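This report refers to the structure that appears directly beneath it.
Here, each number is a calculation from the coordinates, and none is a lab measurement. Remember, predicted model here, so these are calculated numbers, not experimental data. Note that we place each Cβ from the backbone using ideal geometry, even for glycine, and neighbour counts take in every protein chain shown.
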Amino acid sequence: MGGYSYKYREARKVLLASGPMCVYCRVKVADTADHVPPLASAPCPELWAGELVPACKSCNSRLGAKIVNDRRRKARRSREW
């Protein structure tokens, strides 16, 4: 959790304290906090305005990878003539 602020770490601790289920798969106990809307949607992390939701690591990683891959695909289609 290297670059996250104290405020984020505390919010994450409170969110995960009760052992909530993942909001995406509803099968596993959440062990991460996902940013909704995605952190990548803000111009910089300090300007992100949203909420944290409980997510398991596999769902959170899968959604993060989808955002990155979608962004890469858009970049390749920049020459639409």
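Once the mean of 1/r is taken over each pair of separate Cα atoms and inverted, the chain shows a Kirkwood hydrodynamic radius of 14.0 Å. How far is helix 57-76 tilted, in degrees, relative to the longest principal axis of the Cα atoms in the chain, given as a value from 0 to 90 rounded to the nearest 10? For 57-76 against the chain, the angle is about 10 degrees. Along the charge dipole of the stretch 6-76, which of L63, A33, A49 sits closest to the positive end, that is, farthest toward it, with unit charges on the beta carbon of Lys, Arg, Asp and Glu (+1, +1, -1, -1)? Final value for the positive-end residue is L63. Build a GNM of the chain with springs between Cα atoms under 10 Å apart, and of K66, K57, K13 the one that fluctuates most is K66.
Pairs of Lys residues in the chain are counted when their Cα atoms are under 21 angstrom apart and they lie 8 or more places apart or on different chains; the count is 7.
A Cβ-based charge dipole, computed about the Cα centre of the stretch 6-76 with Lys and Arg at +1 and Asp and Glu at -1, lands at about 420 debye. In this label model, E51 and V36 are separated by 0.7 nm, measuring between points 7 Å along each Cα→Cβ vector. Under a Gaussian network description of the chain, with springs only between Cα atoms under 10 Å, the residue in R71, R12, R26 that fluctuates furthest is R71.
What angle, in degrees between 0 and 90 and rounded to the nearest 10, separates the Cα long axis of helix 6-16 from the longest principal axis of the Cα atoms of the chain? It works out to around 70 degrees.
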